[in-house]
Amino acid sequence: MKADTSRQWRLLDLQALDTRLDQIAHRKATLPELKELAALEVQTGALDSELVRARTAHGDVQREVAKAEADVQLVRDRAARDQARLDSGQGTAKDLQALQHEVASLARRQGELEDVELEVMERAEALEARVRELETARAELTVKVDALEAARDKALADLDAEAAQVSANRANVVPGVGEDLVALYEKIRANSGGVGAAALHQRRCEGCRLELNQVDINRIAAAADDEVLRCEECRRILVRTSESGI
């Protein structure tokens, strides 16, 4: 292929722009905020699950508290009625004696139920404290996520803005390279890790970073200025400049 030197030099400009676009795309895909957000998403999921379990357990024990309180109140009411009958002195001696036994029995039962009520209430308080602790941790996590998302969005917006500018510059360079040379460049670039053209700098291909042997140097030195050359090692387009060393 033939292409005058100005077109080949512009090809290096095109490669530089494409390299920057690739760097921007890589940067967007590997933003540290993305990794941190992914880790926080896992933490959030685990924390939400734990919070659901804690709230469920707290709800269950609250129902136990209500039942324990109702049981205690039931005994208190019964004992109060019996005590009122005793205080009235109405009834036979046998009935009053039976009431005294029942009042004593109810007092013991009330004490047992109040112990149960106290134990259940302590569990309820512990679970309530755990729920508050988890809710606080969840709120703090939300703040972190919001801050990271804002940082991610800003970074992506900055990169997108730069990519738009680089793409605009690329659009201006492409016509100066020419369709035929661009087509060859794009084909090579697709199969060569994004680098389709490289400068020959001090007898070294900037694409594969290998120094050319003397045979290749002689071949290049003898080639016409408008001949499009390829590196024998990496097969990328090799562009001669004033710093090629030939």
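What are the residues in the stretch 210-234 that are free of Cβ contacts under 8 Å to residues at least 60 places away in the same chain and in contact with a Ser or Thr (Cβ under 7 Å, 6 or more places away or on another chain), if any? Listed by number, the list holds a single entry, Cys234.
Among the residues of the stretch 105-114, just one is charged (D, E, K, R) and under 14 Å from Ala66 (Cα atoms), namely Glu114. Taken as a whole, the condition of being surrounded by 13 or more Cβ atoms within 10 Å (Cβ to Cβ), in contact (Cβ under 8 Å) with a residue 40 or more places away in the chain and in a helix (DSSP H, G or I) does not apply to Asp82. Counting only residues that are loosely packed, with under 15 Cβ neighbours inside 10 Å and either in contact with a strand residue (DSSP E or B) (Cβ under 7 Å, 6 or more places away or on another chain) or under 11 Å from Ile24 (Cα atoms) (or both), the stretch 157-173 holds 4 of them. Among the candidates Val143, Val120, the residue that is among the aliphatic types (A, V, I, L, M) and surrounded by 15 or more Cβ atoms within 10 Å (Cβ to Cβ) is uniquely Val120.
Among the residues of the stretch 1-49, those identified as more than 10 Å from the chain's Cα centre (by Cα), farther than 30 Å from Asp226 by Cα and among the charged types (D, E, K, R) are Arg27, Lys28, Asp48. Within the stretch 90-104, the set of residues being in contact with a helix residue (DSSP H, G or I) (Cβ under 8 Å, 6 or more places away or on another chain) and under 14 Å from Arg78 (Cα atoms) comprises Leu99, Gln100, Glu102, Val103.
Gln90 passes every criterion in (1) open to solvent by 70 Å² or more (accessible area, probe 1.4 Å); (2) in a helix (DSSP H, G or I) apart from (2). From the list Arg236, Arg204, Arg130, the lone residue that is open to solvent by 20 Å² or more (accessible area, probe 1.4 Å), closer than 23 Å to Ala25 by Cα, basic (Lys, Arg) and at pLDDT 95 or above is Arg236. In the set Asp180, Asp225, only one residue is open to solvent by 80 Å² or more (accessible area, probe 1.4 Å) and either at pLDDT 95 or above or more than 22 Å from Ala25 (Cβ to Cβ) (or both); that residue is Asp225.
Screening Ala155, Ala151, Ala124, Ala163 for residues that are in contact (Cβ under 8 Å) with a residue 40 or more places away in the chain, among the hydrophobic types (A, V, I, L, M, F, W, C), in a helix (DSSP H, G or I) and in contact with a His (Cβ under 9 Å, 6 or more places away or on another chain) leaves exactly one candidate, Ala124. Scanning the stretch 26-40 for residues that are in contact (Cβ under 8 Å) with a residue 24 or more places away in the chain and in a helix (DSSP H, G or I) gives Arg27, Lys28, Glu33, Leu34, Glu36, Leu37, Leu40. Against the condition part of a helix (DSSP H, G or I) and modelled with pLDDT under 95, how does Arg20 come out, does it pass? Answer is no for this residue.
The values are calculated or read from the model by the stated rules, or taken from the named source; none is laboratory data. Here the structure is a predicted model, which means the values were calculated and not measured. So basically every Cβ, Gly included, is an ideal-geometry build from the backbone, and we count neighbours across all protein chains shown. In case anyone asks, the SASA skips ligands and DNA or RNA and just uses the protein heavy atoms, side chains included. Shrake-Rupley method; radii C 1.70, N 1.55, O 1.52, S 1.80 Å.
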